[in-house]
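Below is one structure, written out as structure tokens, with a few remarks after it.
Only the coordinates and a few stated rules stand behind these numbers; no lab work does. Since we're looking at a predicted model, the values are computed, not measured. Here the Cβ positions follow ideal geometry from the backbone for every residue, glycine too, while neighbour counts run over all protein chains shown.
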Amino acid sequence: MVDNACVYGRRWAQLTKGKMMSKAIIFLGYNREQTRLIDSIERLGWSVDWTDQRVDDLSSYDLAVSFGYRHILKADVLATARRPVLNLHIAYLPWNRGAHPLFWAAYDGTPAGVTIHEIDSGIDTGPICIQRKVEFDYQTETFSSAYRKLIEDIEALFEEHVAELLNGDYSPAPQEGSGSFKRVRDLPQGFSWSEGVAPAILRLKQAKYA
């Protein structure tokens with residue numbers, strides 16, 4: 001179960017037709033100082049608990065949402081959920097599943113974007129609820145500035161469709177194509193996230209093939 005020391009108190013919502021307990025969400029990952037989405041969900045009358053710790057049972061909640069969560073939800077945990085868990089991933093899936101998707105979009109020349117998808121037993125392989133491509137001028141962006149734009153874009157995408165996502169009023173579509181996947185250990189050394197994207201990628205590739 002969720003560690004109570006890491007959970008915000010459960011809210012009681014006044015709904016339009018009398019008093020009743022609002023639907024409950026467990027928000028996994030970023031806290032309300034790191035993302036505005038917890039407040040966005042609460043404004044719709046849902047109560048939100050939060051944790052960044054590992055969980056083993058989701059059955060107490062109507063929905064789980066993962067954003068910036070550092071733990072893998074394995075099949076036995078997913079099986080306890082009342083409906084598929086939603087994950088927010090700053091990549092244009094199926095491209096750049098896994099770690100550091102922005103870096104690999106720039107390095108490999110693959111599409112950049114944001115995706116909200118259902119979690120299945122793989123890593124970022126679940127059906128897509130909604131996604132959006134994001135165009136960058138890598139000549140003017142740093143890795144940090146581009147990352148901030150992706151965070152803003154995925155939060156905006158979630159907020160634009162928050163009612164449909166929370167109520168399950170969407171049609172998930174399987175991911176098409178093999179895409180790509182990277183692990184944390186695949187990230188090359190010798191660059192800074194504050195560097196300009198284009199010059200850093202050029203230098204890293206030159207060093208690789210020198």
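Details
- Gain upon complete extension [residue 44, residue 156; 0.36 nm per residue less C-alpha separation]: 38.7 nm
- The chain: relative contact order as a whole-number percent, Cα under 8 Å and 6+ apart: 17 percent
- Restricting attention to the chain, the count of lysine pairs at 8 or more positions apart or across chains with alpha carbons under 23 Å apart stands at 6.
- Helix 143-160 axis, angle to the chain major axis (alpha carbon atoms, nearest 10°): 30 degrees
- Karplus 3J(HN,Hα) series, Hz, for region 119-131 with 6.51 cos²θ - 1.76 cosθ + 1.60 (x for Gly, Pro): 8, 10, 6, x, 9, 6, 10, x, x, 8, 7, 6, 8
- Nearest-0.05 FRET efficiency for residue 208 and residue 142, computed from C-beta distance (R0 22 Å): 0.60
- With θ taken as phi - 60° and the Karplus curve 6.51 cos²θ - 1.76 cosθ + 1.60 applied, the whole-hertz 3J(HN,Hα) list for region 78-84 is 4, 5, 7, 6, 6, 8, x Hz, x standing for glycine and proline.
- Calculated on alpha-carbon atoms, Rg and Dmax of the chain in Å: 18.4, 70
- Packing-based ranking, highest mean first, of 167-179, 39-51 given that Cβ atoms within 10 Å are counted: 39-51, 167-179
- Helix 197-209 and the long axis of the chain differ in direction by around 60°, with both axes built from C-alpha atoms.
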